[in-house]
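Asker: Can you keep this structure in mind? I'll have questions shortly.
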Amino acid sequence: MHVGATVLCAHGGTATPTVPNPRVLVGGQPTVLMSAVYAIAGCPFNVSGSPVPCVTGQWVVAATRVTSNGQPLLLMDSQAVCAPNGTPLMPVNAQTRVIGS
């Protein structure tokens with residue numbers, strides 16, 4: 001995935017990568033490595049009337065054969081866990097096909 005991909009928490013908050021990977025570009029945009037933490041804004045989740053929004057997301061499953069700087073790149077089927085709730089991040093829109101050279 002690239003930094004312009006649309007990624008949401010399970011409650012609809014917008015997630016953005018905190019550290020882009022400028023070594024590999026997709027559609028002219030930097031990609032994102034599995035190690036990059038995502039910051040989440042606008043999560044409306046609450047428990048019994050008290051806000052408990054998703055704050056960050058960390059990827060736990062990423063590419064197995066596509067790496068940059070020795071680290072896996074994120075794909076549309078990568079999996080992440082949000083803190084503090086443990087719910088997933090969901091990539092909903094990204095470039096789906098890449099040709100390398």
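Asker: Could you work out the relative contact order of the range 6-93? I mean the mean sequence separation of Cα pairs under 8 Å and 6+ apart, divided by the number of residues, in percent.
Answerer: Taking the mean separation of contacting Cα pairs over the length of the range 6-93, I get 30 percent.
Asker: Roughly how many nanometres apart are two label points built 7 Å out from the Cα toward the Cβ at residue 41 and residue 90?
Answerer: So the two model labels end up 2.1 nm from each other.
Asker: Continuing with the same structure: In whole Å and largest first, what semi-axes does the C-alpha gyration tensor of the chain yield when each eigenvalue is scaled by 5 and square-rooted?
Answerer: With the √(5λ) rule applied to the chain, the semi-axes are 26, 12, 11 Å.
Asker: Search the structure for amide H atoms under 5 Å from the amide H of residue 52, placed 1.01 Å from N in the peptide plane, and list their residues when 5 or more places away or on another chain.
Answerer: Excluding prolines and chain starts, which carry no amide H, the hits are 46, 47.
Throughout, read-outs are computed from the coordinates displayed, never taken from laboratory work. These numbers come from a predicted model, not from an experiment. We place every Cβ from the backbone using ideal geometry, glycine too, and count neighbours over all the protein chains shown.
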